[in-house]
Structure formats: structure tokens, C-alpha cells
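Values quoted throughout were computed directly from the atomic coordinates according to the rules given, and no laboratory measurement underlies them. Only a predicted model underlies this, so the values are computations on that prediction, with no experimental measurement involved. Glycine also receives a Cβ, built like all others from the backbone with ideal geometry; neighbour counts cover every protein chain displayed.
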Amino acid sequence: MSSNVSRRVADTPDFGELVFRPRSDAPIWQQIHDHVLALIEDGRLQPGSQLPGEVHLAEMFGVTRITLRQALLQLQQEGHLTSRKGVGVFVRSPPSALSVRDGSRFFDSLRADGKLVETRTLVLAEEAADAAAAAQLHLPVGAPVIRLRRVRAADGQPIHASTKILPAKLLPDFAAVYARRQSVTDVFVAHGIGKYRRLETRISGGFATAEEASQLELNPGTPVFRTSAVNADAAGNRIEWGTGCWLLTSVDFVF
């Protein structure tokens, strides 16, 4: 027991080595931010490692918890740290690469560098198409569609929240096929859609909403990528409209 505790303590970076400059040079919270960021960038704080608790870390720096919290919040908003409710604050992993290709499964497109990629399905339901979905899929408003809401994680760290809208009449066995491997591509194949292509992909920047922040374990207002994409089968029929939210530092898109 004691040997394990000693090893963990020995591996903990010396946060107390920071010597504060005059406040006129930079606010104290900014100096803490820069110090922790340097620890991350030079490898002394490894991806996935947990920071000491807020009270302990504030004592190590000799600052108030309010000052420390301002520095950590900025690092979280920049995507360097992530806070897991009830667990603690962790260093985020380096970005994965996503190859944007026609007809490929998510797991085949995401180059996760050995990370374990997992899927959590939040919503799978049939509903009536609203105006936006109807326009994207070239369907009448009110036509039956399938809504699929998911979160993807790499080594337990959420990196992508997405919503897919698909025409229900085209995919009557969606739920049964999807349950096998949580793969929409498998659903397409089971319904005779062996090949499909991307009609368009739009990428824009923004800030995480409260819902997105909750799903991706971020603070609201953290910078994110948002994507919108439409897929069509070989005949040109629109079969999927997908929107997604990625942490700005979690993925590199490869076209």
C-alpha cells in the first residue's frame, strides 16, 4: 500500500515551483494558467492524468480557490483540461484524426492512435420531420423520420456529440439492425444501400451550449467545431442528415 502511494506522489508534477511575477506583468490567475499549460506542453502533465484537488492545488500555489478556478476554467475552455463531475480535473488527450470519406464507418474513419472508441446512444426514436429535416432530406414536412442522438468517446473521454435524421420508410428495420453494432452503415447495407456518398459537409465554429457541454464534459462556452453533412445513395436519394459537435482540440479533419 505505502509503495503505491509513494509512486503516485513521486509522479506528481511540482505545481509549487511557480514564482509569481508582479501583478502588473500579468494577473495571478493568468500566471497559473501559463504555468499549468507549460506543464502540459512539455509532457510533465501527461494526457489523462488527474490534477490535485482544487483545495490542495490552491494551497500549493498559495492562492484563493477563486483565483485558481479562473485559471482552470480558462484551460478547460481552451480544451487543455476536462472536468468530470464528482471525479476531478484531467488533462485532455491529443486530437484524433477523422478522415472524411464516402461510405465509411465512423470507427474506420477515426484514426484514434490506439484509443478505445466507444459509442453511447442517447436517443433512438421515430418522429415527424420538422421543416429543417424535411428540407435537408427532400421530404414532406411531417414525414416519418428516425432521430439518432449519440456521443462518441475515445479512452473514456467524450469527443463527439451527433444527431442523425434518416427517412423511416427507407429503413424499416433500423432499430433491430442498429442494435447489433451501433452502426448506421450496417443499417444501410441491411436495407440494400451498399454504397453512399457525401453530398456536402459544412464545418463551422462556435461555443458549446449547455446541452453540448454536458454531453462532452465541457464547460458551457468552450470553443467547438460544428458539422452538418448530407449523405445520398447511388441513385442520389438523400438518406441521412447529420449534425455534430466536436471539442475544438479533439479532432483534426482530413479530407
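Find the centroid of the Cα atoms in region 17-78 and in region 140-213, then give the distance between the two in whole Å. If you average the Cα positions of each part, the centres end up 39 Å apart. Scattering from region 118-255 was approximated by placing one identical point on each alpha carbon and applying the Debye formula without solvent; log10 I(q)/I(0) at 0.12, 0.18, 0.19 1/Å stands at -0.49, -1.10, -1.20. Converting the Cα gyration tensor eigenvalues of region 118-180 into ellipsoid dimensions via √(5λ) gives semi-axes, longest first, of 25, 14, 7 Å. The packing ranking of peptides 147-155, 124-132, 56-64, highest mean first, is 147-155, 56-64, 124-132, where packing means the average number of other beta carbon atoms within 10 angstrom of each residue.
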